[in-house]
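Engineer: I have a structure I would like to understand better, so I am pasting it below and will then ask my questions one at a time.
The values are calculated or read from the model by the stated rules, or taken from the named source; none is laboratory data. Values in this document were obtained by computation on a predicted structure and should not be read as measured data. Cβ placement follows ideal geometry from the backbone for every residue including glycine, while neighbour counts extend to all protein chains displayed.
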Amino acid sequence: MSEVPQLTEEKYNRIISSYEKKTQKSKKIYEEAKKYASLGVHHYLVWHRPYPFFVKKAQGSRVFDVDGNEYVDLVMTMGLGILGHNPPKVREKTVKVIEEYGPHPGLCTELAVEWAKKVNKLFPSCDKIKAVNSGTEATMLAVRLARAYTGRNKIVKFQGHYHGWNDVLFYDVFAAGSGTIFSKGIPENHWENIMTVPPNDMDSLENAIKENEIAAVIMEPLGQTTGGSPFKYGFQKEVRELTKENDILLIFDEVVTGFRVALGGAQKILGIRPDITIFGKGVGGGFPIGAVGGNDNIMGMLGVMDPKSDRYGPHYVISAGTFCANPIAMAAGIATMEELEKGDYIKNANLRAEELAQRLKEVGEDLEVNFSANNVYSVIHFGPKRETSGPAITDAAQKLAARLRRGLDELEFNQMIRPALLLNNPGVVILPSHGYTSGVHTKEDIYNVISAFENCLRIYKE
Ligand SMILES: Cc1ncc(COP(=O)(O)O)c(C=O)c1O
């Protein structure tokens, strides 16, 4: 039972027409949106067939659309929302900041000091932290720092791992639910300095390191899409040892994991001290942010505009950004860290995800549909089971072709299941092949999600 489940055209049309009936206002707005934004959406992952609904209100674990429909939300701002939507403490703190400063004075605030101090306390590997405006920017800066510090250019990343959409690292990425993707518009010679190796393949990594002058190895520390394709036990530690022995920097991209899997991120769970850590999402409590942290020597590569300074000139790294350390993100980040320290949000989110994954797996088995689910902390991964038997493919080009083919099948599955899940009352909104629970999702939410999946998978069986 390894084939990706398919829907007949009749069933598919039925789902789409029910969704359209339920979301008439959204449909109208979408027609307007398409006139002004390519695809009508501003993030390619939120688009689904036939069009996404438009949100009127978000609160806790739920979102409400312009037609008055309610949904249990497992998108959770692309994994950011560990406190749920619109958490009161974050709201109070940020409203106060807006009253005092407006959006951003573009100068120094004490809030930025308090914020960095808090990050440093939770992440001892980061003597110093520099705020930027998105995870994408942060990965760019991390690579620039690594190159400047080591004097080498090449970076090794793991196949499938996502580190933002910048030119620097958007290469051989696994877009959840759609398989491997590349983007047009990046010159091919750009990749001369980026190498990818398969996860869990120590020989390939060793060879890459032996044959090249490597500045850094970068990884999502719990594997692609936080465990969509996990590392085998102990692999990250081996990478840490190998990089250390060879004087190569290890970069952990903790954009998702930093404030979701543990306060202190994946590095705390794994007991590994990376040289550079990349932050995003939760560190700004829901406002646009990214950040890079590392030890004093690496972060000391950041230069200043003062000719008398010993950190001036072409040997130092420049990183700017109009909105860096804006007080709204700083205040929201502080409030989020305080809330996480006080409450059981991470534990609750993990528990809910565990319950959900277990039940979804059982639903697939009971209905005898090729569907399964698992969780890695508060991240749910779901979809058709992967083929584990069959001849092993050794040729790299064939391997890539197989990954692309499989991706297409999964994408089709996701594009069908997502509108179907929205039909329940409440509906369920989720990303392709994965979703996130928050610390405020309730048992009732989880029940609703199971029931939506069950109804949806039953359509395949009818
Ligand atoms: C692991 C990882 N790194 C980097 C990024 C990019 O962050 P941003 O969307 O803030 O640019 C993401 C975003 O989802 C991510 O999951």
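Engineer: Looking at (1) part of a strand (DSSP E or B); (2) more than 30 Å from residue 444 (Cβ to Cβ), which one does residue 96 not meet, given that it meets all the others?
Structural biologist: Residue 96 satisfies every listed condition except (1).
Engineer: Quickly run through the range 149-179 and pick out the residues that are away from the ligand (no atom under 16 Å from the Cβ) and either surrounded by fewer than 17 Cβ atoms within 10 Å (Cβ to Cβ) or basic (Lys, Arg) (or both).
Structural biologist: Those that are away from the ligand (no atom under 16 Å from the Cβ) and either surrounded by fewer than 17 Cβ atoms within 10 Å (Cβ to Cβ) or basic (Lys, Arg) (or both): 151, 152, 153, 154.
Engineer: Can you confirm whether the range 277-290 contains a residue that is farther than 24 Å from residue 333 by Cβ and at pLDDT 95 or above?
Structural biologist: no
Engineer: Could I ask something else about it? Condition check: at pLDDT below 95 and polar (S, T, N, Q). Does residue 38 satisfy that?
Structural biologist: So residue 38 passes the test.
Engineer: What pairs come up if the first residue lies in the range 27-53 and is more than 22 Å from residue 428 (Cβ to Cβ), the second is in a helix (DSSP H, G or I) and not hydrophobic (A, V, I, L, M, F, W, C), and their beta carbons are under 9 Å apart, counting only those six or more places apart or on different chains?
Structural biologist: Cβ pairs passing all conditions: 31/40; 32/40; 33/40; 34/40.
Engineer: Which of the residues that make up the range 287-323 are of a type in the set (A, V, I, L, M) and surrounded by fewer than 18 Cβ atoms within 10 Å (Cβ to Cβ)?
Structural biologist: 304, 305, 318, 320
Engineer: Given the options 130, 118, name the one that is within 16 Å of the ligand (Cβ to nearest atom), surrounded by 19 or more Cβ atoms within 10 Å (Cβ to Cβ) and among the charged types (D, E, K, R).
Structural biologist: It is 130.
Engineer: While we're on this one: Could you identify the single residue in 411, 422 that is among the aliphatic types (A, V, I, L, M), farther than 15 Å from residue 357 by Cβ and at pLDDT 95 or above?
Structural biologist: Answer to the selection: 422.
Engineer: Specify which of the listed residues (105, 87) is surrounded by fewer than 17 Cβ atoms within 10 Å (Cβ to Cβ) and at pLDDT 95 or above.
Structural biologist: From the options 105, 87, the qualifying one is 105.
Engineer: Of the numbered conditions (1) within 16 Å of the ligand (Cβ to nearest atom); (2) outside the structural domain of residue 61 (by TED's automatic domain parsing), residue 101 satisfies every one except a single condition; which is it?
Structural biologist: Tallying (1) within 16 Å of the ligand (Cβ to nearest atom); (2) outside the structural domain of residue 61 (by TED's automatic domain parsing), residue 101 fails exactly one: (1).
Engineer: Here is a list of conditions, (1) crowded, with 16+ Cβ neighbours inside 10 Å; (2) more than 16 Å from the ligand (Cβ to nearest atom); (3) not hydroxyl-bearing (Ser, Thr, Tyr), and residue 189 meets all of them except one; can you say which number that is?
Structural biologist: (1)
Engineer: Looking at this structure, is residue 136 under 22 Å from the mean Cα position of the chain (by Cα), in the same structural domain as residue 191 (by TED's automatic domain parsing) and either surrounded by 15 or more Cβ atoms within 10 Å (Cβ to Cβ) or not hydrophobic (A, V, I, L, M, F, W, C) (or both)?
Structural biologist: yes
Engineer: Another question, then. Six or more apart or on different chains, Cβ atoms under 9 Å: show the pairs whose first residue is in the range 326-349 and more than 22 Å from residue 100 (Cα to Cα) and of a type in the set (Ser, Thr, Tyr) and whose second is modelled with pLDDT of 95 or more and in a helix (DSSP H, G or I).
Structural biologist: 345/339
Engineer: Can you tell me which condition residue 69 does not meet? The list is (1) under 30 Å from residue 28 (Cβ atoms); (2) within 19 Å of the chain's Cα centre (by Cα), and all the others hold.
Structural biologist: Evaluating residue 69 over (1) under 30 Å from residue 28 (Cβ atoms); (2) within 19 Å of the chain's Cα centre (by Cα) leaves (2) as the failure.
Engineer: Now a separate question. I'd like to verify a number: residues in the range 446-459 that are within 17 Å of residue 346 (Cβ to Cβ) and in contact with a strand residue (DSSP E or B) (Cβ under 8 Å, 6 or more places away or on another chain), how many?
Structural biologist: 0
Engineer: What number of residues within the range 356-369 satisfy the criterion of being part of a loop (DSSP other than H, G, I, E, B) and either within 26 Å of the chain's Cα centre (by Cα) or of a type in the set (D, E, K, R) (or both)?
Structural biologist: Residues in the range 356-369 being part of a loop (DSSP other than H, G, I, E, B) and either within 26 Å of the chain's Cα centre (by Cα) or of a type in the set (D, E, K, R) (or both): 1 in total.
Engineer: Hey, among 80, 7, which residue is touching a residue at least 12 places away in the same chain (Cβ under 8 Å) and within 16 Å of the ligand (Cβ to nearest atom)?
Structural biologist: Just one listed residue meets the conditions, 80.
Engineer: I've got another one for you. Scan the range 324-350 for residues that are modelled with pLDDT of 95 or more and surrounded by fewer than 18 Cβ atoms within 10 Å (Cβ to Cβ) and report the count.
Structural biologist: The qualifying residues number 5.
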